[in-house]
Amino acid sequence: MAAASQHQATTVAPPSGRKVVDEVSGWLRVMDDGSIDRTWTGPPEALPLMQPVQPFAVPRDGHTLHDLPGEPSLRVYLPEVAAGSAGSLPVIVQLHGGGFCISHPSWVLYHHFYARLACALPAVVVTAELPLAPEHRMPAQLDAGIDVLRRLRSIAMCDEGALDEPAAELLRQAADVSRVFLVGDSSGGNLVHLVAARVGEDGADAWAPLRVAGGVPIHPGFMRATRSKSELEETPDSVFFTLDMLDKFMAMALPEGATKDHPYTCPMGPNAPPLESVPLPPMLVAVAEKDLIRDTNLEYCDALRAAGKEVQVLINRGMSHSFYLNKFAVDMDPATGERAQELIDAIKSFVARH
């Protein structure tokens, strides 16, 4: 991720001689030679949200931003209070969305929200570059999420002075890895459930001193093979989420031959392990009132409750899928800004209670 400029979205046309055989709502094109072109072909006004933010070691807007190359590459937000925190700050591990097929954690759309979250809580925020489908189908993204926690645990267990990367030492000094919270946007919300379940199955001893204290799926990509009522009735008002994206990204990302009833996308369905048997931490689930997949998000919440799990539901009134990532709307539309603040406040309260 150090070379974040490589992940800048552009509107440059692909090399000539190749033909497009499939396209997903301006986000992704499959070429006739099997290659994938992620050149943005949608509305140009959305392009600034997809520009990479370069790391900075001098505080800006209350935090510093560091890249840790490796397997996997990490990006670390450290609020200014981290300098005197002495290992007392909780850790937010962000698992980015994009239908498992697109986006990069260095983009402006993630940066503006997670930088704000790091300062508001305050917390160390760790984001990771996840593999993308169709080149890497699930469970590659799940495995990468587990690897993020393994790397975080490894850094935390190092002795003082043993880390070569200055940013890794700063992370080690500031982070309380006994209070890790998984936060995921859209398909990253699926990963919150799946990674938390995997860690829970391993048992506390296997991960000590790291502990996943809670999960925050935000507008998770939970769905079924059959259309829900909200999928049929809601009209998408954003390039961030359409039925075309939902269908095609899942076809590209799920294991070959799987439908959306797969446990990766329908953990409350009959093909998934009974939720009563799944070891999960407390969950805060954010559901957008105007989301295409609102109904299946709420079904997931109901299923957690029925299974005896601790779950809090936040309804983002009047909002669409991933509304809080649209920096322009958050900054300029009072209602969107207010709902984004409610989301941050809810996450802050959830972390403080766990």
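The values are calculated or read from the model by the stated rules, or taken from the named source; none is laboratory data. Quick caveat, the model's predicted, so the values are computed rather than measured. Cβ coordinates were reconstructed from backbone atoms using ideal geometry, including for glycine residues, and neighbour counts include every protein chain displayed. These area figures cover heavy atoms from the full protein model, side chains too; ligands, DNA and RNA do not enter into them. Shrake-Rupley method; radii C 1.70, N 1.55, O 1.52, S 1.80 Å.
Brief remarks on what is shown
- Proximal lysines to Lys229, defined as alpha-carbon separation beneath 18 angstrom and excluding residues fewer than eight positions away on the same chain: Lys260, Lys290
- Portion, in percent, of the accessible area of region 286-354 that falls on carbon or sulfur, probe 1.4 Å: 51
- Mean accessible surface per residue for region 131-196, computed with a 1.4 Å probe while every protein chain stays in place, in Å²: 35
- Portion, in percent, of the accessible area of region 145-268 that falls on carbon or sulfur, probe 1.4 Å: 49
- Of Glu234, Glu201, the residue with the largest accessible area leads and the full order is Glu201, Glu234 (1.4 Å probe).
- R0 of 45 Å, Cβ-Cβ distance Cys158-Glu276: FRET efficiency to nearest 0.05: 0.75
- Put Arg353, Arg75 in order of accessible area, highest first, and with a 1.4 Å probe you get Arg353, Arg75.
- Surface accessible to a 1.4 Å probe, Arg137 within the full protein complex, Å²: 70
- Sequence of Asp185, Asp159 when ordered by accessible area, the most exposed leading, probe 1.4 angstrom: Asp159, Asp185
- Antiparallel bridges, percent of DSSP beta bridges restricted to the chain (to nearest 5): 45
- Across region 159-173, computed HN-Hα scalar couplings (Karplus, 6.51 cos²θ - 1.76 cosθ + 1.60, θ = phi - 60°) run 6, 4, x, 8, 8, 6, 7, x, 5, 5, 5, 4, 5, 4, 5 Hz from first to last residue, x flagging Gly and Pro.
- Qualifying GluC sites (Glu not before Pro) for region 80-136 [loop in DSSP, other Cβ within 10 Å: at most 10]: none
- The solvent-accessible area of Lys229, taken with every protein chain present and a 1.4 Å probe, is close to 130 Å².
- Taking 23 Å as the straight-line reach from the Cα of Lys19, the lysines in range (excluding those fewer than 8 positions away in the same chain) are Lys248.
- Nonlocal amide H pairs with Trp40, under 5 Å, H built at 1.01 Å: Thr10
- Nearest-10 value in Å² for the accessible area of Met283, using the 1.4 Å probe: 0
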